[in-house]
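The values are calculated or read from the model by the stated rules, or taken from the named source; none is laboratory data. Just so it is clear, the structure is predicted and the values come from calculations on it, not from any experiment. Neighbour counts run over all protein chains shown; Cβ positions are idealised from the backbone, glycine included. SASA here: full protein model, heavy atoms, side chains in, ligands and nucleic acids out. Shrake-Rupley method; radii C 1.70, N 1.55, O 1.52, S 1.80 Å.
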Amino acid sequence: MKLDVDVLRYLTKDDFRVLTAVEMGMRNHEIVPSELIGRIASLKHGGTYKVLKNLLKHKLVHHDSSKYDGFRLTYLGYDFLAIKTMVNRGVFTAVGRQIGVGKESDIFEVASEDGTVMAMKLHRLGRTSFRAVKSKRDYLRHRSSYNWLYLSRLAALKEFAFMKALEEHGFPVPNAVDSNRHCVVMSLIQGYPLVQVKQLQNPETVFETIIGLVVRLAEHGLIHCDFNEFNIMIDDDEKVTMIDFPQMVSVSHRNAQMYFDRDIECIYKFFGKRFNLSFEERSDDIDNSDVDPDESSRPSFSSIAKTSGFLDKELAASGFTRKDEDEIQKFIEGDVEEDDVSHSEHDSELYQTNIKGFDSLHLDQEEPTASCNEEDQLDENLQSSEADQSGDPEGQNSNNEMFQEEDDEQKGEEDDTELVKSLAKQRRRAMAAARKGHKNTASRNSYKDKGGKSSNNSKIQKQLSSW
């Protein structure tokens, strides 16, 4: 569908309000009912049907009355919403000619207020030439239902995020300016696609640069998955720039090695055919004579060490799992975890020694002695009573000693209770550390009392306490 921006200047606020209402209704409707559009738009004096008729004339919406009377957005209407938002933000003020067409997007020239020319990429998934998006791309992830406008929006968001991160890490990519819906605005590269280049002054240097980019991406945890002559730009100075990033995956992806080898094979195949490079002759400088020269010069996925960063984690690239994230955290915080392990081992040793001491203390208290029988206790009681009657000071001293022993026993029991409390506290801490913060999930209504047995028991207990 051709993008005719001349219509944009004649659209009113009500037109864009109804377009936005159709977009909001398409979140849970494939065909948005006309009544729902009127309720969402909420125009002051009505007239939603008249506005829809005007939008239908310019092919910004599509009418469908097979099951019920409703409308849906077209790509042209979605383009107008994105362009209107960019103009309101001040990103650009003019739209120029179309400079590129792909199976997933269209590219146009745009100009800002100060005359800076940029590139605007409009993602258009769902074309007849490329409808196997669900199997070829990972935009859906865990989602089961989709429409093409939503997939285009996800592709634009992913490409903008990858472009921004790669630029920050020094990769030769366009400068990401802004993104909205399925539209991405970036700097315009003054160059040509590599597929259009017939001659190069230094083809070997360009080849080494491109292969180095593939390897460097893998070292940062990413694989391009579509790294070929169509997605490489080269200028007059033979400076290389990468484009097209929505399909990037992590090196942890299950098919990562296949994607990496395919990217390498595309570059080798293109330079071998177009520029007649002989890779076997170029690999004679390698000192390893036992290895096949063609295999030794070609990078392998297993030989690449992921040591330059974790871009796949930062950007949540496809294939980067929670297990990989835990391993990265262990790698980053290795010293801290070693200290934590040593402290936990020390605490467990203290806990075990305290338990052993506590058990031995109770065993000593529970073992009965032969002297503590009932006859000895009766004799002692008789002697103490006689001493009290006669006023013998020795009996009083014995009574004082007996009272002191009882006080000592009470203090010992208090010490035992304190020891039990401290051990229980240490045990709770150890259990919490073992569970690693996982909490038992109770049911949603576990805190509610719905008049069952618990409520009846509580009422009976209250009555008994009042009596």
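Going residue by residue through segment 50-73, is there one that turns out to be closer than 30 Å to Glu109 by Cβ, aromatic (Phe, Trp, Tyr) and open to solvent by less than 80 Å² (accessible area, probe 1.4 Å)?
So far as segment 50-73 goes, no, none of its residues is closer than 30 Å to Glu109 by Cβ, aromatic (Phe, Trp, Tyr) and open to solvent by less than 80 Å² (accessible area, probe 1.4 Å).
Residues that are crowded, with 18+ Cβ neighbours inside 10 Å and part of a strand (DSSP E or B): does segment 169-176 have at least one?
Yes, there is a match, as at least one residue in segment 169-176 is crowded, with 18+ Cβ neighbours inside 10 Å and part of a strand (DSSP E or B).
Within the bounds of segment 256-279, is there any residue that is over 27 Å from Glu168 (Cβ atoms), in a loop (DSSP other than H, G, I, E, B) and free of Cβ contacts under 8 Å to residues at least 12 places away in the same chain?
Yes, segment 256-279 contains a residue that is over 27 Å from Glu168 (Cβ atoms), in a loop (DSSP other than H, G, I, E, B) and free of Cβ contacts under 8 Å to residues at least 12 places away in the same chain.
Can you say whether Met233 is closer than 22 Å to Gln201 by Cβ, in contact with a Phe, Trp or Tyr (Cβ under 8 Å, 6 or more places away or on another chain) and crowded, with 17+ Cβ neighbours inside 10 Å, as far as the supplied structure shows?
Spelling it out, Met233 is indeed closer than 22 Å to Gln201 by Cβ, in contact with a Phe, Trp or Tyr (Cβ under 8 Å, 6 or more places away or on another chain) and crowded, with 17+ Cβ neighbours inside 10 Å.
Any idea how many residues of segment 241-265 are within 23 Å of the chain's Cα centre (by Cα) and open to solvent by 20 Å² or more (accessible area, probe 1.4 Å)?
Counting residues in segment 241-265 that are within 23 Å of the chain's Cα centre (by Cα) and open to solvent by 20 Å² or more (accessible area, probe 1.4 Å) gives 8.
Find the residue count for segment 25-62, including only residues that are under 37 Å from the mean Cα position of the chain (by Cα) and of a type outside the set (D, E, K, R).
14
Going through segment 197-250 one residue at a time, which ones are of a type in the set (D, E, K, R), assigned to a helix (DSSP H, G or I) and closer than 22 Å to Glu159 by Cα?
Of everything in segment 197-250, those that are of a type in the set (D, E, K, R), assigned to a helix (DSSP H, G or I) and closer than 22 Å to Glu159 by Cα turn out to be Arg216, Glu219, Glu229.
Across segment 20-48, which residue is modelled with the lowest pLDDT among those that are charged (D, E, K, R) and in contact with a Phe, Trp or Tyr (Cβ under 9 Å, 6 or more places away or on another chain)?
Looking at residues that are charged (D, E, K, R) and in contact with a Phe, Trp or Tyr (Cβ under 9 Å, 6 or more places away or on another chain), I get Arg27.
Name, by its number, the condition in (1) at pLDDT 95 or above; (2) within 26 Å of Lys103 (Cα to Cα); (3) open to solvent by 20 Å² or more (accessible area, probe 1.4 Å) that does not hold for Arg17.
Condition (2) is where Arg17 drops out.
Out of all the residues in segment 191-212, is one or more under 30 Å from Leu76 (Cα atoms) and either open to solvent by less than 30 Å² (accessible area, probe 1.4 Å) or of a type in the set (Lys, Arg) (or both)?
The answer is yes, given that some residue of segment 191-212 is under 30 Å from Leu76 (Cα atoms) and either open to solvent by less than 30 Å² (accessible area, probe 1.4 Å) or of a type in the set (Lys, Arg) (or both).
Quick check on Leu3: is it in contact (Cβ under 8 Å) with a residue 60 or more places away in the chain, of a type in the set (A, V, I, L, M, F, W, C), out of contact with any Lys or Arg (no Cβ under 9 Å at 6 or more places or on another chain) and at negative phi?
Spelling it out, Leu3 is indeed in contact (Cβ under 8 Å) with a residue 60 or more places away in the chain, of a type in the set (A, V, I, L, M, F, W, C), out of contact with any Lys or Arg (no Cβ under 9 Å at 6 or more places or on another chain) and at negative phi.
Just checking, does segment 85-99 include any residue being open to solvent by 80 Å² or more (accessible area, probe 1.4 Å) and either modelled with pLDDT under 85 or assigned to a strand (DSSP E or B) (or both)?
Scanning segment 85-99 turns up at least one residue that is open to solvent by 80 Å² or more (accessible area, probe 1.4 Å) and either modelled with pLDDT under 85 or assigned to a strand (DSSP E or B) (or both).
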